[in-house]
Amino acid sequence: WTQETLSVVVVGASGDLARKKIYPALFALYVEDMLPENFSVYGYARSKMSDEEFRDYIGGSLTCRVTDEDSCGDKYDTFLERCYYQPGQYSDESDFKALSERMTGTEKDRKKANRIFYLSIPPSIFTAVAGCASKAASSPSGWTRVIVEKPFGKDSESFAQLERELSNFLTEDQMYRIDHYLGKELIENLTVLRFANLVFEPLWSRNYIRNVQVIFSEDFGTEGRGGYFDQYGIIRDVIQNHLLQIVSLFAMEAPVSLDAEHIRNEKVKVLHCMKQLTLDDVVVGQYRGRQGKGHSYPGYLDDDTVPPGSLCPTFAAVALFINNARWDGVPFLLKAGKALANRRTEIRVQFRNVPGNLFSDRLSLNGMDLDRSTNELVMRIQPNEAIYLKINNKIPGLGMKLDTTKLDLTYKQRYNVHLPDAYERLILDVVNGDKRLFIRNDELDAAWALFTPILKEIESKKVQPELYPYGSRGPVGSHYLASKYGVRWGDIL
Ligand code: BG6
């Protein structure tokens, strides 16, 4: 490191994501000594600001996750001293040249000056910025890496166009496409759980798994983001990326090694095996306002930034099938929604009935005979991260009464650490050039190929979303969808 410098340029320096996630993540990495000694942050945006004003701006958002307050306090000022601000237009090469010249000031005397550009800007200007940055501000002596974050287009065609444009300026090697869900602790752990334990992998197939559910639920609406959200809807916002990424990691075959290319090869393969979706596989919903005790909860359409009468889904449930030897016939049920009863993201794996179960306690659902208390493995991604396995156990005492209880690995109780934010992990990986947790272009291509036809059909047929009250469990239709496949959503059992 000593002969190297690192400059992180946050393009779109005054945006929400930058303030809430990027600066705090950089600060946490700095406090933990994970960044090179010669490290600087450059904010870049159109508005005029001095370095001092920029430091004041980000100073308020630097929370201290790591170690004790005192050591963070010491580092607070030294971190801010490394932060600079450079105003400039997003499509003006000479402004990027001026930025580059400023950066050479903090890079001098070093053999290798590495640069990261974090494009925290709307996708409409990705290409302009990538062009200017690569022509006028890429590192003369080290590597230059560019971080981009969704939305990566709105469908297959717009994604392909964006890729074509970006590839004029950046190589695949330089591009780090973030899906911040891949930076979450429990998602990173998914491969460990599967491939480092003998007890799970042998069960990981249609032979023992009855269905897999990925549930994303938020207890707040689009408040303030309606304008953005309305152009995308919940399928593009969360399902086509975060939830599908989870499914592909969950369902992929064992990679040849932990090398980024090997992992991503397997993810792409499983994405290619997914059966095309039809309207019968999808339920869409939209939240409406509700009057609570002393508080009124606005509906989606009450948001001033949402066009009147919008049909944009704020909830969707999707039944996915993977046509391969491992997963043939196993429903993967995905559901995601805003303004629901609680905030939770979980993977739930429901196992098959125990054959010839001496203790069976059956119920019938859509003609299917199910054990009331099948084993279920739950990975709670957030909040209160946990992995637990529901098992049947004898209630201690005389007599023979059974209880479905949990083998419980709740992180807070087991590990005495504050979990890093996803952005910390991901930014650190960019610094280290590790692409395991970043999306390759062919993965996105496959993800869009799966969702583009159904999104177009929903939009062209003007499918009416089923209304659900703010703070509820979502549309009833999602229960019908699940029951079609003999499934009950695990989060309501
Ligand atoms: C973003 C979506 O990608 O993920 C948001 O655009 C959503 O709509 C957010 O709220 C959820 O992220 P997290 O990390 O808070 O679960």
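The values are calculated or read from the model by the stated rules, or taken from the named source; none is laboratory data. As the structure is a prediction and not an experimental result, all values here were calculated from the model. Neighbour counts are summed over all protein chains in view; Cβ atoms, including those assigned to glycine, are modelled from backbone coordinates with ideal geometry. We work out accessible area using only protein heavy atoms, side chains counted, and drop any ligands, DNA or RNA first. Shrake-Rupley method; radii C 1.70, N 1.55, O 1.52, S 1.80 Å.
Filter segment 382-397 down to the residues that are in contact (Cβ under 8 Å) with a residue 12 or more places away in the chain and surrounded by fewer than 16 Cβ atoms within 10 Å (Cβ to Cβ), then identify the one that is farthest from the ligand (Cβ to nearest atom).
Step one: list which residues in segment 382-397 are in contact (Cβ under 8 Å) with a residue 12 or more places away in the chain, which gives 382-393.
Next, from what is left, pick out any that are surrounded by fewer than 16 Cβ atoms within 10 Å (Cβ to Cβ): 383-384, 391, 393.
Details: 383: 9, 384: 13, 391: 29, 393: 33 Å.
Applying the filter and picking the extreme gives 393.
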* **Hits in segment 352-377 - residues which are open to solvent by 20 Å² or more (accessible area, probe 1.4 Å) and either at pLDDT 90 or above or not in a loop (DSSP other than H, G, I, E, B) (or both)** => 352, 362, 363, 364, 365, 368, 369, 375
* Of the residues 284, 306, which is open to solvent by less than 20 Å² (accessible area, probe 1.4 Å), touching a residue at least 60 places away in the same chain (Cβ under 8 Å), assigned to a strand (DSSP E or B) and within 29 Å of residue 231 (Cα to Cα)? -> 284
* Collect the residues in segment 453-473 that are buried (at least 19 other Cβ atoms within 10 Å of the Cβ) and within 21 Å of residue 163 (Cβ to Cβ), keeping them in residue-number order. => 455
* To do: Among what's in segment 239-261 and is out of contact with any Lys or Arg (no Cβ under 9 Å at 6 or more places or on another chain) and of a type in the set (A, V, I, L, M), pick the residue that is farthest from the ligand (Cβ to nearest atom).
  => 256
* Asked: If you go through segment 191-220, how many residues are within 16 Å of the ligand (Cβ to nearest atom) and either of a type outside the set (A, V, I, L, M, F, W, C) or part of a helix (DSSP H, G or I) (or both)?
  -> 3
* If you scan segment 159-185, which residues turn out to be more than 22 Å from residue 423 (Cα to Cα), open to solvent by less than 40 Å² (accessible area, probe 1.4 Å) and among the small types (Gly, Ala, Ser)? -> 160
* Determine, yes or no, whether residue 417 is open to solvent by less than 50 Å² (accessible area, probe 1.4 Å), β-branched (Val, Ile, Thr) and either touching a Leu at 6+ places or on another chain (Cβ under 6 Å) or more than 16 Å from the ligand (Cβ to nearest atom) (or both). => no
* Asked: Does residue 232 count as within 11 Å of the ligand (Cβ to nearest atom) and open to solvent by 60 Å² or more (accessible area, probe 1.4 Å)?
  -> no
* segment 267-285 - residue that is of a type outside the set (Gly, Ala, Ser) and in contact with a strand residue (DSSP E or B) (Cβ under 6 Å, 6 or more places away or on another chain) and, of those, farthest from residue 329 (Cα to Cα) -> 284
* Asked: Can you pull out the residues in segment 31-47 that are open to solvent by 30 Å² or more (accessible area, probe 1.4 Å) and in contact with a Phe, Trp or Tyr (Cβ under 9 Å, 6 or more places away or on another chain)?
  -> 37, 38, 46
* Output yes when any residue across segment 129-140 is in a helix (DSSP H, G or I), surrounded by fewer than 22 Cβ atoms within 10 Å (Cβ to Cβ) and in contact with a helix residue (DSSP H, G or I) (Cβ under 7 Å, 6 or more places away or on another chain), and no when none is. => yes
